[in-house]
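Engineer: The structure that follows is given in the form of structure tokens.
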Amino acid sequence: MAHIAPSILSADFTKLGEELRRLSCMGVKYVHIDIMDGNFVPNITFGYNMVSALAPLKGDMIFDVHLMINNPHFYIEQFAKAGSDFITVHIEACEDVPQCLSLIRESGKLAGVSIKPNTAASELAPYLGMFDLCLVMTVEPGFGGQSMIEPCLSKIEEIKSMLRERDLPDILYSVDGGVTLENAAKTAQSGADIIVAGNALYSSADMEKRFAELSEKVKEK
Ligand code: DX5
Ligand code: ZN
């Protein structure tokens, strides 16, 4: 069963505390938190202080922190201390990918890698076994509300087969960008465990109902 991970990038920033409480009541397992630096991507969101302010409200939920920042190694420790559970870095943004991944694991967090739509799955080959999660971007990172680039979904199967070929255990897969009611089932069938949803949830007048509808679509993979 795949899970819908609400992306608070699309939530009302004046009410993030209330939003976390609402997500918790809805039975959300993963909260997706987009960190953007205005450098790796052309947009700025928030930093580790925001994660740390929200952390006391997370209850049983998992903070899935997606770092869209250059030189993430400078900040991994702060994000870990702030209460992140999963920390994902972009291979395109790291000077030294193995170093970043081991910093995340050494901090006791689950280590994720992400690839942009134009980055081939094969670029991950040198790092297999060093990460626990792969976040496949299905839009250009930077903004919510874009349309999904569906061919990117096949990267999950490619990564799974690279891991199988090397006798490495399977990992978690996340899909991020342009998820809608129409493509959610296909996204789950592509092998995603965690399906990020921003606009699809928050553009709905009844977000809780939309979460239930999306969750229903991804129940069986
Ligand atoms: C985009 C972010 C996404 C974003 C997805 O750069 O990484 O997490 O919130 O938003 P939607 O679901 O609106 O495409
Ligand atoms: Zn994201």
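The numbers here are math on the coordinates, done by the rules we state, and not lab data. Every value quoted in this text rests on a predicted model; they were computed, and no experiment measured them. All Cβ positions, even for glycine, are placed from backbone atoms using ideal geometry, and neighbour counts span all protein chains on display.
Engineer: Given charges of +1 on the Cβ of Lys and Arg and -1 on the Cβ of Asp and Glu, with all other atoms neutral, how large is the dipole of the range 1-144 about its Cα centre, in debye to the nearest 20?
Structural biologist: That gives a dipole near 400 debye.
Engineer: First obtain the Kirkwood hydrodynamic radius of the range 65-221 from its Cα pairs, then insert it into the Stokes-Einstein equation at 37 °C and 0.692 mPa s, and state the resulting D in µm² per second as a whole number.
Structural biologist: Using the Kirkwood radius from Cα pairs, D works out to 205 µm²/s.
Engineer: Residue 216: net charge of surrounding residues, Cβ under 11 Å, Lys/Arg +1, Asp/Glu -1, itself excluded?
Structural biologist: Surrounding charge for residue 216 is +2.
Engineer: Please list, by residue number, every one of the GluC sites (Glu not before Pro) in the range 108-190 that is coil in DSSP and has at most 16 other beta-carbon atoms within 10 Å.
Structural biologist: Those that pass, being in a loop and sparsely packed, are 182.
Engineer: 222 nm [θ] for the chain, helices only, -39500 (n - 2.57) per DSSP H run of 4+, per residue, to 500?
Structural biologist: Rounded to the nearest 500, the figure is -8000 deg cm²/dmol.
Engineer: Here is a further query. Roughly what would the spin-label model give for residue 78 and residue 160, points 7 Å off Cα along C-beta, in nm?
Structural biologist: Going by the 7 Å Cα→Cβ label model, 3.8 nm.
Engineer: So for the chain: antiparallel DSSP bridges make up what percent, rounded to the nearest 5?
Structural biologist: 5
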